[in-house]
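Below is one structure; the comments refer to it alone.
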Amino acid sequence: MRRVLLQAAAMLLCAAMLLCGGCGENTESAEQSASTDAAEAVTKDVFAMDTYMTLTAYGDGASDAVDQAVNYIETLDAMLSTGSADSEISKLNETGSAVLSSEAAELFARALEIAEATDGAFHPLLYPIMEAWGFPTHEYRVPDAAELESLLQLTDLDDVTLDADSGLVTFLKEGMKADLGGIAKGYTSSQIMEIFQSCGVTSGMVSLGGNVQVLGAKPDGSDWRIALQNPDETENYLGVLETQDRAVITSGGYERYFEQDGTIYHHIIDAKTGYPAESGLQSVTIVSEDGTLADGLSTALFVMGLDTAKAYWQANSSTFDAIFLTDDDTLYVTAGLKDCFTSSDYDWIVIEEVQ
Ligand code: ADP
Ligand code: MG
């Protein structure tokens with residue numbers, strides 16, 4: 001718990017630094033920064049989806065944009081959370097069949113699409129396994145192999161149907177349960193960008209527990225500078241990404257885990273085994289215009305491991321870029337980011353497109 005709070009604090013600090021246009025070099029507060037900008041900043045912090053969030057918008061419409069976005073986050077949380085018994089997903093999980101609202105059904109469809117595209121590395125039906133490990137309740141335990149084997153029978157993607165017109169989702173086996181936690185935050189940040197735009201905002205950012213999405217450029221026209229968290233040391237960054245109109249979303253085993261008998265068990269599950277993914281990666285950051293995709297792929301490519309993830313990027317390089325940190329602390333950056341990524345601590349290896 002303490003570690004989670006420390007990380008949350010580091011993430012908020014990081015978000016504040018973004019507004020100052022620099023990481024580590026500028027200690028102004030976000031508020032001071034706003035008063036010197038031509039366009040005034042409106043910032044709000046909220047706790048939702050089990051994480052600390054910071055929303056910032058600039059210029060006319062900013063106040064309205066941020067207020068609408070905060071309300072919307074609460075709506076989505078109530079719709080998607082596996083933790084609240086009244087959510088649409090919880091009701092589906094309880095009964096094995098439910099008509100979802102059009103928005104939840106669309107996101108469910110997107111989750112199935114990403115699952116298929118990643119050969120189940122992203123997998124929205126692992127909730128029975130998450131429960132067996134105790135992640136939802138924080139009452140952690142290590143399930144035995146036979147238990148996991150039987151729970152894996154409840155995770156076949158062919159055993160779920162979704163009727164796109166009516167929103168009816170049906171599980172074909174009793175005990176199946178969905179979990180959109182692997183894409184919910186990315187979907188939320190991408191929708192917030194739409195809300196900002198609909199309010200006339202052209203410059204803004206949101207950080208959902210360190211997962212960032214930015215709209216446009218900073219008010220002065222320069223790129224946003226987004227610091228990437230280092231799994232080992234919360235104060236030092238892996239590097240800084242300069243970008244506009246992108247989601248920058250990281251998955252790592254260090255984000256949520258427990259330790260038993262000297263072994264660390266983290267919260268990203270390999271659907272092929274039911275165990276936390278041991279893929280040789282510490283973290284994967286995805287950079288994409290599409291926040292939902294970025295979130296889904298950050299989880300999926302973490303499960304895949306470097307070689308498969310590299311090949312996946314090479315086959316899909318028009319839709320995203322990625323940064324990988326391996327267990328032996330080697331940093332890899334896909335070619336699309338080589339001119340906008342800097343790191344003071346790491347020499348990094350560029351992953352090139354296949355010719
Ligand atoms: P976070 O939400 O902590 O930022 P992720 O985006 O990687 O990190 O999502 C991890 C969450 O997604 C887990 O807490 C769990 O709810 C769910 N999950 C775990 N393993 C998978 C998986 N292989 N595919 C999709 N979702 C997963
Ligand atoms: Mg994810």
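Residues that are farther than 30 Å from Asp64 by Cβ, polar (S, T, N, Q) and within 16 Å of ligand 1 (Cβ to nearest atom) do not occur anywhere in segment 164-187. Taken together, Pro124, Pro128, Pro136 contain a single residue that is of a type outside the set (A, V, I, L, M), out of contact with any Phe, Trp or Tyr (no Cβ under 6 Å at 6 or more places or on another chain) and within 21 Å of Ile264 (Cβ to Cβ), which is Pro136. Counted as qualifying within segment 80-148 are the helices (runs of 4 or more DSSP H) with 1 or more residues that are over 13 Å from Lys177 (Cα atoms), namely 102-117, 127-133. Within the bounds of segment 221-231, is there any residue that is part of a loop (DSSP other than H, G, I, E, B), at pLDDT below 95 and more than 11 Å from ligand 1 (Cβ to nearest atom)? The answer is yes, given that some residue of segment 221-231 is part of a loop (DSSP other than H, G, I, E, B), at pLDDT below 95 and more than 11 Å from ligand 1 (Cβ to nearest atom). Looking at segment 234-243, is at least one residue surrounded by fewer than 22 Cβ atoms within 10 Å (Cβ to Cβ), more than 16 Å from ligand 1 (Cβ to nearest atom), outside any strand (DSSP E or B) and in contact (Cβ under 8 Å) with a residue 60 or more places away in the chain? Scanning segment 234-243 turns up at least one residue that is surrounded by fewer than 22 Cβ atoms within 10 Å (Cβ to Cβ), more than 16 Å from ligand 1 (Cβ to nearest atom), outside any strand (DSSP E or B) and in contact (Cβ under 8 Å) with a residue 60 or more places away in the chain. A Cβ distance below 7 Å, combined with a sequence gap of six or more or placement on separate chains, defines the contacts here; from segment 245-264, residues that are in contact (Cβ under 8 Å) with a residue 24 or more places away in the chain and of a type in the set (Asp, Glu) reach residues that are buried (at least 16 other Cβ atoms within 10 Å of the Cβ) and not in a loop (DSSP other than H, G, I, E, B) in the pairs Asp245/Val214; Asp245/Leu215. Just one of (1) away from ligand 2 (no atom under 15 Å from the Cβ); (2) under 24 Å from Lys218 (Cβ atoms) trips up Ile249, so point out which. Condition (1) is where Ile249 drops out. For Lys185, all conditions in the list (1) in a helix (DSSP H, G or I); (2) among the basic types (Lys, Arg); (3) more than 30 Å from Val333 (Cβ to Cβ) hold save one; what is the number of the exception? The single condition Lys185 does not satisfy is (3). Checked against (1) within 13 Å of ligand 1 (Cβ to nearest atom); (2) over 20 Å from Glu94 (Cβ atoms); (3) surrounded by fewer than 16 Cβ atoms within 10 Å (Cβ to Cβ), Arg141 passes all but condition (1). Applying the condition of being within 11 Å of ligand 1 (Cβ to nearest atom) and part of a strand (DSSP E or B) to segment 259-270 and asking which residue is modelled with the highest pLDDT yields Ile269. So which of Thr250, Thr273, Thr285, Thr299 is among the hydroxyl-bearing types (Ser, Thr, Tyr), part of a loop (DSSP other than H, G, I, E, B) and within 16 Å of ligand 1 (Cβ to nearest atom)? Just one listed residue meets the conditions, Thr273.
Residues are listed down the side, and each one gets a yes or a no for (1) among the aliphatic types (A, V, I, L, M); (2) surrounded by 13 or more Cβ atoms within 10 Å (Cβ to Cβ); (3) over 24 Å from Gly253 (Cα atoms):
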position	(1), (2), (3)
Ser318	no, no, yes
Ala322	yes, yes, no
Thr326	no, yes, no
Leu331	yes, yes, no
Ile351	yes, yes, no
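Tallying residues that are of a type in the set (A, V, I, L, M, F, W, C) and free of Cβ contacts under 8 Å to residues at least 40 places away in the same chain within segment 67-115 yields 4. Within segment 181-208, the set of residues being more than 16 Å from ligand 2 (Cβ to nearest atom) and of a type in the set (Val, Ile, Thr) comprises Ile192, Ile195, Val201, Thr202. Restricting attention to segment 252-280, and to residues there that are of a type in the set (Ser, Thr, Tyr) and within 15 Å of ligand 2 (Cβ to nearest atom), which single residue is surrounded by the fewest Cβ atoms within 10 Å (Cβ to Cβ)? Result: Tyr254.
Taking every residue in segment 294-318 that is touching a residue at least 24 places away in the same chain (Cβ under 8 Å) and among the charged types (D, E, K, R) and pairing it with any residue that is near ligand 1 (Cβ under 9 Å from one of its atoms) and assigned to a loop (DSSP other than H, G, I, E, B), at least 6 positions away or on another chain, the pairs with Cβ-Cβ distances below 8 Å are Asp295/Gly182; Asp295/Ile183.
The values are calculated or read from the model by the stated rules, or taken from the named source; none is laboratory data. All of these numbers come straight from a predicted model, not from anything done at the bench. Note: ideal-geometry Cβ built from the backbone for every residue, glycine included; neighbour counts use all protein chains shown.
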